[in-house]
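Read through the structure below, which is laid out as structure tokens, and then see the notes.
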Amino acid sequence: MFEHLRSECSPKTCANNVVHFLQNEAGLFLSNLSRSNKNKTMKKRIQFIAPIGTIMKVSFIQIVLAIIAATYTYGHVANAQELLMQKVSVSVEQKEIRSVLTQLEAKANVKFVYSSRSLPVSRKVSLSVANKTVSEVLDELFLPDRITYKIVKERIVLTMAANASVIPDQQEKKNVEVIDRTIRGKVTDEKKEALPGVNIAIKGTTRGAITDVDGNFAIDAPDEPVVLVFSFVGYIPQEISPGNSTQLSVSLQVDTKALNEVIVVGYGERKKETLTGAITQIGEEVFKDRAVSNAALSLQGEVPGLTITRTSSRPGNEGLSIRLRGESSITGVDPLIIIDGIPVIGTWELNQINPNDIESMSVLKDASAAIYGARAAGGVILVTTKRGKGEKMQITYNANVRLNTIGIRVPYANMQTWAQMYQEASVQDRVDAAGNPVEWFPQWGKENIERMANGESFEFTNPTTRIVSKYESNNWFDALYGRAVSQQHNVGLRGSNAKSSYMFSLGFANNKSVLRPAYDGEKKYNARFNYDYQIAKNIKLETGLSYDRRMVENPKNGIGNGFFDAPVFPIYNSQGQYYDDYGQRNPYAMVKEGGRVNNAEGIFRLNTRLSAEILKGLKISGTAGIVQRNGWKSSYNRTYQLFNWLGTQVNSTQYPDPEIVENIAITLYQNYGAFVDYNKVIGNDHNFGLMVGTTAELNELKEVEAKRTKLEFDGLTDLNTASNNIQTNKGGASHWGLVSYVGRFNYSYKEKYLIEALGRRDGSSKFHPDYRWSNFYGVSAGWRLSEESFIKNLGVFTNLKVRASYGETGGQANIGNYDYVSGINTTGTMLFGQTAALQQTAYLSGMTSLTRTWERIINKNVGLDFGILNNKITGSFDLFQKRNVGMLIDITYPQILGATAPKSNSGELKVDGWEFAVNWRDKAGEFRYNIGFQLSDNHNKLVSMEGKETWTAGTVAQRQGYALNSIFVYKTDGYFKDQEEVNAYQATYTSVKAGNLSAHAAADKKLRPGDVKVVDLDGNGYIDPVGDGTPGSGDVYYYGDRSPHYTFGVNLSADWKGFDFSAFFQGVGKQYLLREGNARGPFFRNYLNVNSSYIGNTWTPENTDAEYPRLSFDNDRNNWNWRFNDVNVQKLTYVRLKSLVVGYTLPKAFSNKIKTERIRFYFSGNDLFEFTSVKDGFDPEQGPGDSTYPFIRTWSLGLDLTF
């Protein structure tokens, strides 16, 4: 199999053989998938293919062999002089000299020989040199000592020179210097923390010293005026004249120009200053000390253009939605999330990993995502986990205990308030023959309602049935929700040496919601081990191993339903049993006794990367990743009984035939890649970069479900404890594969003029072989104006860059794994045959299409990056447009077609938007602070979607020419003032056609004063949402869409003398909200509780200028007044304190006494308060739903220890 990799081939031949081999294997891989698909029926086509071997014979072993073979063929023997004259670049901070020598050996292909006893190789140094010879680097490396070196059999032998403390430049002067004093001191950073490894030199001489691990130094100086120069990588050099002082305290400032931040991009890294794409990177500080253990929630509001919404704060059931720069397709497309180079199985994996393990996240928004081609329709999020660093092992422990409390509380009424509103509604629905209002009590009767309105607790005996009922105030909200305690613990180990580095972490979290009757929450267990090993001077192995397990447990029934019942019944009867006088319902009993759902997800991830530099600037690498998901879900109902007040009879039995359902799902995902990178600098000005590679992916899924009805033993909830008389099972398997070729070219001139081009060719098993391949690409350019003299001379901009990009990505939303293959159903029989008999029939299960292919998303972006005042103020602004020009949609054809047509690439969706971010980082004395602000918005439009020209009142998911989830409402013109006006209105708008008024034709259904006046917008003489169905007809109009707009975030942070503070505010500037469900208005059901925010604000004859229409028990009237009118739309704006952290780090003098490096205590809070314009008291993040499950506030105390 490996003959083409034999060592006798030349490097060029070997490389060509490998590329040719990969291309052949990729074609065979997809052909095998296709051939497998064609032979399957509807019932049997979903089968496994061979696991790892079938995906591609280009296994990771072969990639390793290719690297070894290519490395073996490379040989270059330099003569002795050339070894020292080679030019290299080195940048290290606080590394032992022996470690730097190891790096030099790898970079220059040399070998050093020395004695660790005679040379100070254990001394830590900081060094930054570029394009200098090996001999020059050695001279700087050992300063202030002087060494000699000679070549022995192609090895460089290092020895200490005689009189090494003085380097003989200006030798005559140095020989007569007299040392009369010693200057001592300490060097710290902006945080007043010690800086080890700072270089101190006497200006004009070569005499110097280096600070120790505690930042202390001592340097001998002549008894004459001298200038000391303090320098350290990443900090601004400082010159100090000590005068007669022999004790100094020096503080170095960060050099923002020197900190060339490295940004993780697709298949590589780039310096931030040379980026040409719209990429935002955030660091570990976003996740540090947050009182949440969900990484996705921590991202909320942090990245311009990244919108994260949730419908609940229940741990494990947040209902998260992640969108990057708005929608990408009508079905909603999440960003592609990649963890350490390997894509996730599902977006929910971001909720499962330990946030404490994250080093950084890069968000690719524009053409920069095109390198991921067909999987990047929704953009890309690159997650990089922490790796080993620091030569000494560092042990960290972080723990916090959290108190979860109720946040915004929906103001549902107690019994007294509810009954008073009931009384008000009782005179709004019925009139006598003369038109005078009469009282009407649908339930409970006038006398009982009056006693409730007086706040009485009493028993009532029905005179007919003699059933005793108990009435007392019981706010179900208080019974269902309260407080809960959660906790989180993380332990980490990090370290490195000259050959290897490691990071190991363990995490545990138990996150509970505020539900009182039963456990509702999640438990997370996380383990991660990242290990890197330098196999040889030019070969490196990087590995990562992790296991994340999350168990979400919650009640199966009754969640969020507490508000449904009027607050007039106690939970328990006089005997302590569950009480029901309502009709087979007790919200507390439903949650506590109605059954459970237990969902466990285990994710195992293995990723490896082997890289080798075979020539200077030329590196080849191979990657392999395996992800296995083991999912198990068990849900069951449980029988329980409800009793009357006296406990003498069972009012109802809930779930008399309880069922149990078990689901098991196993997913195996494999990803393999091979890459070649080449970087070259010509003449110090021209920088070239080239990367080519190939990847292959295989995803296999196996699912099984078993169900039995009637659990037979109380307390035993397993399949074998249920009756086998009624049982069902189902299952299946499926797979998909993707082969890709990727490439990227970068060029910059003086890092001033920047160009990038990237491309990808994808082939997917989900499409017919003739249509499965497609090309995606991106181009971008940038101009660093701040490097031009006419900008530099202004003295304002530290950085000023304009950039533009164009790229095309793809998507396959709503495409099944085998949709292009015709399925055959074998159900049914027909009379047939020479001897007539019922024969089994077979027929095609549906129409298929061979011509379907990828959705294609075109991304355009122009942007500006700026930095002023030495980068104290930095920011960016972007304008973008995103168009899905081949959106996969269903098309409605005439019924004569006789079948449902398959999806086709016939839709188009457009998104336009902008993003702005600015940050101010500065200090005043020892007080350092940072203020950041980001704001973004986007609007989408369904440009083309055949068959979607229709609409109705309310939220319309898709209508051609409008935004997704558009809101169409009736225009209103106040309230009817008197019955005469009502009669005239009904006469006018029923003369042509009854329309919506047909529901109000009966005498007890007619509209009344206090009802809203709906405007006949199209002037056709009747009220109807669509009119005759032609554009422009109908009486509803476009109000806006349901998406959040003007999303923003504000970051504040500061530190001073061991104290640290950070706060993050997140919000939405504009969003339209049309409440749905039974909470859209009062008394949609006369037996439900009501929102007390309506008290005193509804129309009455005495309050005709009220904000809301009149109260009513009639559903038709309530729909007319409260459902789809412009006055029912709430204009939502909110700002929320998402995170607050206040900490204090104990002085080092104290922590050193107890053998610790750092001790820090902190308070952390989440969702602590908000300002919101929501009128009906629901949480602004909840959306239009009517669940009463409250959002949570979290108050946490934590401890950070470092050893």
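The values are calculated or read from the model by the stated rules, or taken from the named source; none is laboratory data. Not measured: the values here are computed from a predicted model. Positions of Cβ are generated from backbone atoms using ideal geometry, with glycine treated the same way; all protein chains shown enter the neighbour counts.
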Count, please, the residues in region 563-579 that happen to be in contact with a strand residue (DSSP E or B) (Cβ under 8 Å, 6 or more places away or on another chain) and either polar (S, T, N, Q) or part of a helix (DSSP H, G or I) (or both). 5
Determine whether Ala376 is in contact (Cβ under 8 Å) with a residue 24 or more places away in the chain and either more than 30 Å from Arg744 (Cα to Cα) or over 29 Å from the mean Cα position of the chain (by Cα) (or both). no
Based on what the data block shows, is Ile395 part of a strand (DSSP E or B), under 23 Å from Glu915 (Cα atoms) and of a type outside the set (Lys, Arg)? no
If you take the residues in region 823-865 that are aliphatic (A, V, I, L, M) and within 40 Å of the chain's Cα centre (by Cα), which one is surrounded by the most Cβ atoms within 10 Å (Cβ to Cβ)? Ile857
Quick one: which of Gly974, Gly1010 is out of contact with any helix residue (DSSP H, G or I) (no Cβ under 6 Å at 6 or more places or on another chain), assigned to a strand (DSSP E or B) and either closer than 21 Å to Leu1111 by Cα or of a type in the set (D, E, K, R) (or both)? Gly974
For region 140-189, what are the residues that are of a type in the set (A, V, I, L, M, F, W, C), at pLDDT 65 or above and more than 26 Å from Val110 (Cβ to Cβ)? Ile183, Val187
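Check Lys386, Lys392 and return the single one that is of a type in the set (Lys, Arg) and either under 30 Å from Asn746 (Cβ atoms) or free of Cβ contacts under 8 Å to residues at least 24 places away in the same chain (or both). Lay out the reasoning, then the answer.
Numbers: Lys392 fails: either under 30 Å from Asn746 (Cβ atoms) or free of Cβ contacts under 8 Å to residues at least 24 places away in the same chain (or both).
Unique residue meeting the criteria: Lys386.
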(1) in contact (Cβ under 8 Å) with a residue 60 or more places away in the chain; (2) under 30 Å from Tyr502 (Cβ atoms); (3) surrounded by 24 or more Cβ atoms within 10 Å (Cβ to Cβ): which one isn't true of Leu350, the others all being true? (1)
Farther than 30 Å from Tyr985 by Cα, within 27 Å of the chain's Cα centre (by Cα) and in contact (Cβ under 8 Å) with a residue 40 or more places away in the chain - does that describe any residue in region 1019-1042? yes
Please work out if Val292 is under 30 Å from Asn400 (Cβ atoms), assigned to a loop (DSSP other than H, G, I, E, B) and in contact with a strand residue (DSSP E or B) (Cβ under 8 Å, 6 or more places away or on another chain). yes
Take region 712-734 and flag every residue that is out of contact with any Lys or Arg (no Cβ under 7 Å at 6 or more places or on another chain), surrounded by 13 or more Cβ atoms within 10 Å (Cβ to Cβ) and part of a helix (DSSP H, G or I). Thr721
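Conditions tested, residue by residue: (1) over 21 Å from Arg1123 (Cα atoms); (2) exposed (fewer than 14 other Cβ atoms within 10 Å of the Cβ); (3) without any contact (Cβ under 8 Å) to a residue 40 or more places away in the chain; (4) basic (Lys, Arg).
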| site | (1), (2), (3), (4) |
| --- | --- |
| Tyr962 | yes, no, no, no |
| Asn965 | no, no, no, no |
| Lys971 | no, no, no, yes |
| Gln979 | yes, no, no, no |
| Ala987 | yes, yes, yes, no |
| His1000 | no, no, no, no |
| Lys1013 | no, no, no, yes |
Name the pairs whose Cβ atoms lie under 6 Å apart, with the first residue in region 922-935 and at negative phi, the second modelled with pLDDT of 95 or more and not in a strand (DSSP E or B), and 6 or more positions between them or separate chains? none
Here are some residues: Lys680, Lys702. Which one is modelled with pLDDT of 95 or more, more than 20 Å from Asn557 (Cβ to Cβ) and among the charged types (D, E, K, R)? Lys702
Inspect all residues belonging to region 898-910 and state whether any of them is in contact with a strand residue (DSSP E or B) (Cβ under 8 Å, 6 or more places away or on another chain), at pLDDT 90 or above and either closer than 30 Å to Lys1057 by Cα or not basic (Lys, Arg) (or both). yes
Breaking point among (1) of a type in the set (Asp, Glu); (2) more than 22 Å from Gly482 (Cβ to Cβ); (3) within 31 Å of the chain's Cα centre (by Cα), for Asp1167: (2)
Among the numbered criteria (1) within 33 Å of the chain's Cα centre (by Cα); (2) outside any loop (DSSP other than H, G, I, E, B), which single criterion is violated by Phe790? (1)
Residue that is surrounded by fewer than 19 Cβ atoms within 10 Å (Cβ to Cβ) and not in a strand (DSSP E or B), where the choices are Tyr531, Tyr519, Tyr547: Tyr519
Output the residues belonging to region 682-709 that are closer than 21 Å to Asn746 by Cα and surrounded by fewer than 15 Cβ atoms within 10 Å (Cβ to Cβ). Ile682, Gly683, Asn684, Asp685, His686, Phe688
